[in-house]
Structure formats: structure tokens, C-alpha cells
Amino acid sequence: MPPATSVSTPVLIAGAGPAGLALALTLLKNGISVRILDKNLEYHVGQRAIGTSPRTQEVWNLLGVLPDIKAASTTPKPVSVYKLPGGREVVKEVTIKMETEPTPAIPYWHTVILGQEHTETILRSHLAKHGCDVELGAELISFEQHPDHVTAQVRKVQDGSTETVTCHWLVGTDGAKGIVRKLLGLTFWGETREEHQQLLVDLHLKGLNREVRGFYLFIRPTEYNDDSFNMIGSANGLDITKIVEDPKELTAFVRASTDRDDIEIGKIKWISQYRPVQTGDGKIPNIRMVNKFGKGRVFVAGDFPAGGQGMNSSIQDSFNLGWKLALVEKGLASPYLMSTYNDERLPVIAKMLNISTDLFDRAIADTADESAWDRSGQLLQLGIHYRWSPIVIDERAEAGDDLKSANPYGVTGGAVRAGDRAPDAPGLRGIEDLDATTSLFRVFGPSYHTALIFAPRGEALESLLAALKRYPMKALRIALIVPKDGAVPSTVNVDLILSDEEGHAYTGYGVGNDGAMMVIVRPDGVIGGFLQSAEGVGRYFDRLFGTSI
């Protein structure tokens with residue numbers, strides 16, 4: 001056997017937007033070194049994607065980023081619709097719905113507002129804590145795959161010099177027009193709708209109160225406490241390229257859209273045009289939408305349409321990919337595990353594209369249609385699941401249960417199943433420290449599977465623990481959950497023993513007092529398995545760590 005190829009870095013990431021930064025942080029949290037490149041000479045500016053969904057907040061919680069995100073963010077405010085001509089009389093206020101009812105299982109229950117540039121700044125600060133910085137002005141220009149590595153050519157933008165980078169894995173988070181997607185031959189199913197272009201601008205305005213918002217010109221004050229605003233405008237029938245290139249044309253467009261001549265355009269921070277992608281017949285796109293999310297040792301993540309879903313979906317792509325890549329890179333899992341990234345995320349993104357298209361269609365058809373501004377329900381992304389995944393097992397499923405047919409984007413109600421998001425459970429008290437309380441969201445982590453063992457009467461506990469010990473303990477964290485005032489085994493070798501003081505863990509996971517159950521929570525906060533037997537534990541982890549995928 002030939003010697004292993006010496007690599008410059010285990011993972012090379014091309015593109016330093018939210019998807020690339022989230023992937024880099026996930027890998028670093030798993031002890032995997034990365035290099036992250038961006039061809040731009042300066043960091044991206046602009047609000048761009050502004051809504052951080054509850055599901056993405058759960059990702060940030062696992063990665064330790066959420067406190068900084070919440071400290072910098074704002075909450076959505078009502079949208080004022082102004083009467084034309086005149087542009088000063090409010091005729092209607094529309095509430096943007098971005099929330100659900102808070103419950104013990106859902107601690108992050110509403111979308112928060114934070115500009116993309118601010119999100120990226122926070123993520124870069126967390127990368128820096130791990131000694132990782134974005135390499136600006138470094139452009140991936142080509143790559144070549146080999147059985148055990150990838151050789152990439154990187155060009156320095158300023159002087160044109162090139163560098164050969166050898167890595168085990170290459171991930172393109174450089175967008176739909178990125179070089180990685182192009183060289184892999186991966187394509188999206190859809191078409192550009194030239195007739196519905198939009199203008200996207202971050203700029204400073206005078207003459208508008210920061211409490212004012214309107215559409216369609218849609219003007220929104222940013223989270224910065226100054227005169228900066230984010231603006232989205234429909235420019236149908238106009239030369240949008242001319243508006244982007246000429247500040248005088250932008251001023252004319254704003255005044256024509258608002259019918260107000262007292263609005264003064266100040267510094268333009270960022271301006272662009274957006275051509276939405278449609279999915280055609282309104283049905284869930286089939287596999288031709290994206291042929292796959294990777295080939296061999298090269299993958300792509302992120303960059304999808306608007307509608308409050310694109311950035312969030314990109315981040316969740318990266319998190320799904322990251323924990324799997326880390327296990328394989330550490331030699332703890334078979335490379336076959338990487339194929340499940342495509343298996344799990346493709347149906348979710350297909351549904352997301354369909355939803356985003358519908359939102360856009362309703363918005364441009366009637367700007368006063370309040371349903372077009374409803375970002376609650378499935379758009380909070382709490383119902384996204386992978387029940388069909390080849391690496392999830394639910395031994396509780398009864399004959400005839402069809403766990404694979406549910407909407408991949410919005411399963412709601414009913415018992416929680418393997419493949420669903422793992423609910424939180426507050427009010428847990430540590431047996432060894434009776435004064436300390438915690439929650440499951442503080443027990444889960446991005447670098448290990450959490451095995452929650454519910455054994456109210458102690459039966460089957462030893463056999464379940466024995467089954468776990470066949471697998472890499474450094475990739476596992478074991479927590480025994482006992483009912484309030486329940487008996488604790490005198491000798492048990494686990495990482496945590498937690499008393500479910502308020503009953504939220506047993507209730508949230510649908511576990512009764514009549515038998516033992518092991519719930520496996522993956523590093524991405526998804527339930528990998530509901531397991532009632534040692535044999536089931538073996539089947540689950542054999543799929544994960546072995547080759548039987």
C-alpha cells in the first residue's frame with residue numbers, strides 16, 4: 001500500500017459567508033483544522049439575509065455563538081403601508097409573524113433580526129478563538145480529486161501568485177455561481193425570472209424616522225443605531241442595472257416609489273440586484289433540482305433563494321455536513337457516512353425552494369397581502385426532520401407507521417420521532433450537585449452523540465450501557481435521566497445523572513414509566529434513534545461508525 005499523502009490542511013473551505021463560517025466553526029469545535037478562503041479583498045458588507053430562525057438559533061446554541069447573536073439582534077416590528085400619492089399617510093399596519101408559542105421544548109420561539117454582515121463578524125470572532133482567520137484575496141481556481149486527497153490550486157488575487165493546497169476534503173460555500181459547484185457539474189433545477197428583478201440596498205437616509213417602514217419599496221432600519229437603512233425594491237420595467245450603477249438614478253427611484261422629495265440619499269454601503277429563481281409547476285422539485293451536494297471528497301453547501309430561509313438553510317447544511325465530516329476525518333466513521341449529507345438535506349432544500357417561490361409570488365402579486373409576510377409555522381424550521389434517513393432508527397414505530405412520508409419541512413404535532421429535532425427539557429437537577437439545574441440544550445454538544453437513557457425502574461440499564469461500550473466513548477456522552485424522586489442505581493458508569501424535576505424530559509420525548517429507552521441525540525441536535533434494546537443500539541451505531549449504511 002502506498003504511503004498516505006501529506007496534506008496541507010484536513011479541510012479546505014472556499015467561501016466565507018455564513019455557510020462557510022458555520023462549517024469552519026463546527027469542524028474546529030470537533031478538533032479538525034481548516035483553512036477558509038474568500039476571493040474578496042475585504043469582508044462582505046450589507047444586511048442581505050436578516051432573519052435568524054429558531055432552528056438556526058439552536059445551531060448557534062450548540063456552537064456557543066447564540067449569546068453574541070442575541071445581544072446584537074433586534075426583533076421584527078410592524079410594517080407600515082403608506083398611501084400613494086403623498087407617501088405620508090399610513091393606511092395599514094402589517095405584523096410580520098415570526099413566532100410560535102414558547103414551551104419547555106422550544107426555548108427559542110421567535111426569529112431574531114440581524115444583518116448578515118453582523119452575523120459573519122460574530123462568527124469570525126469565534127473562529128479567531130480557535131486560531132483560525134479567513135484568508136482574504138485567496139481564490140480557488142481549480143482542483144483535482146484523488147482516492148485519498150484533493151489537490152487544489154489557489155490564486156492570490158493581489159499579486160496573481162498561486163499555491164497548491166493538498167487536503168482530505170474540499171467544500172465549496174462560494175454560492176450558486178461558485179467555482180466548486182461549476183467544476184463538479186452540479187446544477188439547480190429552476191429558471192431566472194428576469195421580469196421580477198429586485199433592488200437590494202444598504203444606505204444612509206435622511207428624512208425618514210427610524211420607526212418608519214414601507215413597501216414595496218420596503219425600507220427597514222438596521223440594528224445599528226444610526227441613520228442606516230436596508231431597502232428592498234421592486235424595479236419591474238426599469239433598468240435596474242442603471243439604478244445600481246448611478247446614485248442619481250437610485251434617488252429618482254426612491255422618490256418615485258415613495259412620492260416624497262424630502263428623502264435624502266446618503267452614503268450607499270452596498271447595492272445589488274436580485275433575480276429570483278422559480279421552481280416551475282409549484283410542486284416539490286424532483287432529484288433533478290440539484291443532482292447532488294457533492295462528489296467524492298468535494299462537497300457544496302449553502303446559497304439558496306430568499307424568503308427568510310436561504311441563510312438559515314445554508315447554515316443547517318453546513319452543520320449537517322460538518323459533524324459527519326469530522327467523524328470520518330478522525331477515522332471514527334466510514335466514508336460512507338458522507339453520502340447521508342445528500343440523503344438528508346436534498347429533500348429539505350427541495351421543499352424550501354418550493355416554499356420560497358410561493359412566498360415571493362404572493363408578495364409581488366399583492367404587497368398588502370398579510371399572508372405573504374407570515375413567517376411563522378413551518379417557516380420557523382422547527383419541523384424540519386430526517387425521518388427517511390438511512391442512519392436513523394426508531395424502535396418504537398409500530399407496524400404500518402409511515403415515518404418517511406411526512407413533509408420534510410414541517411412535521412408538527414404527534415409523538416416526536418427519530419429524525420426529528422431533539423426538544424429541550426429544562427428543570428433537570430444534577431444528582432451529584434443538588435443545587436445545580438440544567439437543561440438538555442446545555443447537555444448536547446456539536447462534537448459528540450448524547451445518549452439519553454430513560455430507565456425509571458432500572459431494568460435493561462446494564463444491557464444498554466454494555467452495548468454502548470463497544471463504540472468510541474470519546475464520541476459519546478451518556479446521561480441517565482431519572483424521574484423526580486426516582487431511585488438512582490448505586491453503581492452506574494455514566495457521564496451525568498439528571499433528575500427530571502419538572503417532568504419535561506419524559507414528557508417531551510414521550511417516554512413512559514413502563515420500560516427502558518435510549519434516545520440518541522446527534523451532534524446537530526437531531527434524534528438519531530429511539531432504541532429499546534441492546535440490539536437496536538448496536539444496529540444504530542454500526543450504521544454510524546461501521547460500513548452498513
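The values are calculated or read from the model by the stated rules, or taken from the named source; none is laboratory data. Just so it is clear, the model here is predicted, and its values are computed rather than measured. Positions of Cβ are backbone-derived with ideal geometry, glycine not excepted, and every protein chain shown enters the neighbour counts.
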* To do: Kindly indicate whether residue 134 is out of contact with any Gly (no Cβ under 8 Å at 6 or more places or on another chain) and of a type in the set (A, V, I, L, M, F, W, C).
  => yes
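If I filter segment 24-32 for residues that are within 30 Å of residue 95 (Cβ to Cβ), of a type in the set (Val, Ile, Thr) and either in contact (Cβ under 8 Å) with a residue 60 or more places away in the chain or assigned to a helix (DSSP H, G or I) (or both), do I get at least one hit?
Of the residues in segment 24-32, the ones within 30 Å of residue 95 (Cβ to Cβ) are none.
No, segment 24-32 contains no residue that is within 30 Å of residue 95 (Cβ to Cβ), of a type in the set (Val, Ile, Thr) and either in contact (Cβ under 8 Å) with a residue 60 or more places away in the chain or assigned to a helix (DSSP H, G or I) (or both).
Residues 64, 131, 137, 86: which one is within 17 Å of the chain's Cα centre (by Cα) and on the phi > 0 side of the Ramachandran plot? Before you say what the answer is, go through the steps one by one.
Details: 131 fails: within 17 Å of the chain's Cα centre (by Cα); 137 fails: within 17 Å of the chain's Cα centre (by Cα); 86 fails: within 17 Å of the chain's Cα centre (by Cα).
Going through 64, 131, 137, 86 in turn, just one is within 17 Å of the chain's Cα centre (by Cα) and on the phi > 0 side of the Ramachandran plot: 64.
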* To do: Would you mind finding the one in 134, 154 that is in contact with a Ser or Thr (Cβ under 8 Å, 6 or more places away or on another chain), among the hydrophobic types (A, V, I, L, M, F, W, C) and surrounded by 15 or more Cβ atoms within 10 Å (Cβ to Cβ)?
  => 154
* To do: Determine if segment 526-546 includes at least one residue that is touching a Pro at 6+ places or on another chain (Cβ under 6 Å) and at pLDDT below 95.
  => no
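Somewhere in segment 30-45, is a residue closer than 23 Å to residue 378 by Cβ, crowded, with 22+ Cβ neighbours inside 10 Å and of a type outside the set (Lys, Arg)?
Our first condition is that a residue be closer than 23 Å to residue 378 by Cβ; within segment 30-45, this holds for none.
Checking segment 30-45: not a single residue is closer than 23 Å to residue 378 by Cβ, crowded, with 22+ Cβ neighbours inside 10 Å and of a type outside the set (Lys, Arg).
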* Among 93, 101, which is the only one that is outside any strand (DSSP E or B), free of Cβ contacts under 8 Å to residues at least 60 places away in the same chain and not assigned by TED's automatic domain parsing to the domain that holds residue 295? -> 101
* Could you list, in sequence order, all residues of segment 157-185 that are touching a Leu at 6+ places or on another chain (Cβ under 8 Å) and outside any loop (DSSP other than H, G, I, E, B)? => 165, 167, 169, 170, 171, 172, 179, 180
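In segment 203-216, is there at least one residue being closer than 15 Å to residue 77 by Cβ, at pLDDT 75 or above, in a strand (DSSP E or B) and in contact with a Ser or Thr (Cβ under 7 Å, 6 or more places away or on another chain)?
Looking only at segment 203-216, we keep the residues that are closer than 15 Å to residue 77 by Cβ, and these are 208-215.
Narrowing further to those that are at pLDDT 75 or above: none.
Checking segment 203-216: not a single residue is closer than 15 Å to residue 77 by Cβ, at pLDDT 75 or above, in a strand (DSSP E or B) and in contact with a Ser or Thr (Cβ under 7 Å, 6 or more places away or on another chain).
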* Among (1) more than 21 Å from residue 528 (Cα to Cα); (2) of a type in the set (A, V, I, L, M, F, W, C); (3) over 31 Å from the mean Cα position of the chain (by Cα), which single condition is residue 428 missing? -> (3)
* Structure fact -> Residues of segment 90-106 being at pLDDT 95 or above and within 17 Å of the chain's Cα centre (by Cα), in sequence order, are 106
* Structure fact -> Residues of segment 360-389 being hydrophobic (A, V, I, L, M, F, W, C), at pLDDT 90 or above and over 21 Å from residue 109 (Cα atoms), in sequence order, are 388
* Asked: Yes or no: residue 274 at pLDDT 90 or above and at negative phi?
  -> no
* To do: Please enumerate the residues belonging to segment 460-483 that are in contact with a Gly (Cβ under 8 Å, 6 or more places away or on another chain) and either modelled with pLDDT under 90 or closer than 18 Å to residue 540 by Cβ (or both).
  => 460, 467, 470, 477
* Identity of the residue in segment 295-313, in contact with a Phe, Trp or Tyr (Cβ under 7 Å, 6 or more places away or on another chain) and under 15 Å from residue 57 (Cα atoms), that ends up modelled with the highest pLDDT -> 313
* To do: All but one of (1) at negative phi; (2) within 17 Å of the chain's Cα centre (by Cα); (3) in the same structural domain as residue 331 (by TED's automatic domain parsing) hold for residue 15, so report the exception by its number.
  => (1)
* All but one of (1) farther than 23 Å from residue 26 by Cα; (2) polar (S, T, N, Q); (3) in contact with a Gly (Cβ under 6 Å, 6 or more places away or on another chain) hold for residue 95; which doesn't? -> (3)
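Can we say residue 542 is buried (at least 20 other Cβ atoms within 10 Å of the Cβ) and farther than 18 Å from residue 429 by Cβ?
Numbers: buried (at least 20 other Cβ atoms within 10 Å of the Cβ): no; farther than 18 Å from residue 429 by Cβ: yes.
Judged against the criteria, residue 542 is not a match.
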* To do: Return the residue satisfying two criteria in turn: it lies in segment 437-484 and is in a helix (DSSP H, G or I) and without any contact (Cβ under 8 Å) to a residue 24 or more places away in the chain, and of such residues it is surrounded by the most Cβ atoms within 10 Å (Cβ to Cβ).
  => 462
* Count - residues of segment 95-109 that are crowded, with 18+ Cβ neighbours inside 10 Å and touching a Ser or Thr at 6+ places or on another chain (Cβ under 7 Å) -> 3
* Tally of residues being in contact with a strand residue (DSSP E or B) (Cβ under 9 Å, 6 or more places away or on another chain) and in a loop (DSSP other than H, G, I, E, B) across segment 426-436 -> 7
